[in-house]
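See structure below.
The values are calculated or read from the model by the stated rules, or taken from the named source; none is laboratory data. Owing to the predicted nature of the structure, the values given are computational and were not obtained by experimental measurement. Note that each Cβ is placed from the backbone with ideal geometry, even for glycine, and that neighbours are counted across all protein chains shown.
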Amino acid sequence: MSKKIPTRLYLAEDEMPKNWFNLRACMAQKPDPILHPGTLKPAVAEDLYPVFCKECVKQELDDTTLLIPIPEGLQEFYRAYRPAPLIRAYFLEKALGTPAEIYYKFEGTNTSGSHKLNSAAAQAYYAKEEGLTSLTTETGAGQWGSAMAMACAFFGLDLKVYMVKVSSQQKPYRRALIETYGAHLIPSPSDTTESGRAILAQNPETGGSLGCAISEAIETAVKTDKCRYVLGSVLNHVLLHQSVIGQETKLAMDKYGVKPDIIIGCAGGGSNLGGLIAPFMSDKLAGKSKTRFIAVEPASCPSFTRGRYAYDFGDTAKTTPLLRMYTLGSGYIPSANHAGGLRYHGMNSTLSKLYKDGYLEARSVVQTDVFDAAVRFAKIEGILPAPESSHAIKAAIDEALECKKTGEKKTILFGLTGTGYFDMSAYISYNDKTMSDAVPTDAELAKGFAGIPDIPANK
Ligand SMILES: *Cc1c(COP(=O)(O)O)cnc(C)c1O
């Protein structure tokens, strides 16, 4: 069979997934349970209800149900911008002169500009169904805040977004977008919460971090009636929602008889990567494929490649339950000149387990190389990629060039998670050649590690 593969591998609307795909159900060795920070015992649903919507808690703790139905009201919302395009990168293959076949799944076609809307819509939908009236969250680069603002506008919920202060200054248009959709934006750390005031007292000049913003958002959710907190990455229910990415990709590839040898995704907290690989990793765990999976992270925030596998907090104020993950310590803040996103200190627990057990590889890349790849890709394929997504582009190009050396005709798939329209200040510093690389020293990382809790499970 040598049917020519079209540039866009189309799926029809009625081929979109009706269920989420729970990768944990396929794992013989499960990720370690979430621990209650006080008792150090596995957390139960009641521990998490004050913070998260009930349905999300249920999904978070479920590591046995393979297929979880996507509610019809949510499928309806997805149909407004999905299925997302799966594109054969013919132009890039030609430009690189590689025998490899390259594909990418593009999640940047919605206005918020990234895959984050997939989970934002799900979390807003469940909050509304539960009878909540408002939500709080944090945002770093701004994609998650934009996605939540869109989702809350659609499903009719109020939203407070704590935005990492440096990002709110660097990205006025992101801020404007979030506010245009009706959300209330607060630069973090702020004086509106106890945790924000504590962080400011210690370090009044701080530009903030995702960890601080999370502490503020959780505090506000817990103290407000009919309000809960939503998180856009790291947690297992977020990966579950993102499994629409992998399921669409697998179905479209199966239709055309394409089997990926290598699947690449950028990794911040792990949600797009976890969602993209879910059904493919299931085949690998069942011994049905030899696909390689590669997580790509910034050298300035190297959770997988230089982090510790330990139980750690999700936030700076150390208020969240403990997650066993690759972590740089919840107090770790990447260098201020890091413009490329993916700045969270930890990594999703399921991906951490897969990495620990050798099913997933990881590599880190410096930001000037990432932007070299981003600009090259934009010129060749036409899409201006988000800096985060460009980590995956960089690795995909490297793998394709490796095939050129060896003459192997591998099939490479990567996740193109979003567009870079709101990241023009980063592109400006790249174009001006003022962008530099910031790789933490071992001593800098040691400071972060010192904040990892000293508990028996970490011995
Ligand atoms: C948030 C974001 C990421 C990283 O988050 P993950 O949870 O690791 O997927 C990657 N790309 C874009 C465009 C993002 O907005």
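Things to note:
- Taken together, Ser349, Ser390, Ser300, Ser364 contain a single residue that is more than 16 Å from Cys266 (Cβ to Cβ) and of a type outside the set (A, V, I, L, M), which is Ser349.
- Gly329 falls short of the stated requirement of being within 13 Å of the ligand (Cβ to nearest atom) and at positive phi.
- Residue in segment 163-173 that is at pLDDT 95 or above and buried (at least 19 other Cβ atoms within 10 Å of the Cβ) present: yes
- Residue match in segment 45-67 (condition: more than 22 Å from Met27 (Cβ to Cβ) and polar (S, T, N, Q)): no
- In segment 205-249, the residue that is modelled with the lowest pLDDT out of those that are outside any helix (DSSP H, G or I) and within 16 Å of the ligand (Cβ to nearest atom) is Ser209.
- Matching residues, segment 12-43, being surrounded by 13 or more Cβ atoms within 10 Å (Cβ to Cβ) and more than 20 Å from Ser243 (Cβ to Cβ): Asp32, Pro33, Leu35, His36, Pro37, Leu40, Pro42, Ala43
Per-residue answers, yes or no, for (1) without any contact (Cβ under 8 Å) to a residue 60 or more places away in the chain; (2) under 22 Å from Cys53 (Cβ atoms); (3) over 20 Å from the mean Cα position of the chain (by Cα):
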{"position": "Gln169", "(1), (2), (3)": "yes, no, yes"}
{"position": "Pro172", "(1), (2), (3)": "yes, no, yes"}
{"position": "Thr180", "(1), (2), (3)": "yes, no, yes"}
{"position": "His184", "(1), (2), (3)": "yes, yes, yes"}
{"position": "Glu194", "(1), (2), (3)": "yes, no, yes"}
{"position": "Arg197", "(1), (2), (3)": "yes, no, yes"}
{"position": "Ala201", "(1), (2), (3)": "yes, no, yes"}
{"position": "Ser215", "(1), (2), (3)": "no, yes, no"}
{"position": "Ile218", "(1), (2), (3)": "no, yes, no"}
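- Taking segment 431-443 as the range and being surrounded by 15 or more Cβ atoms within 10 Å (Cβ to Cβ) and either in contact with a helix residue (DSSP H, G or I) (Cβ under 7 Å, 6 or more places away or on another chain) or free of Cβ contacts under 8 Å to residues at least 24 places away in the same chain (or both) as the test, the residues that pass are Met435, Asp437.
- Pick from segment 250-272, criterion farther than 20 Å from Ala100 by Cβ and among the aliphatic types (A, V, I, L, M), ranking: nearest to the ligand (Cβ to nearest atom): Ala267
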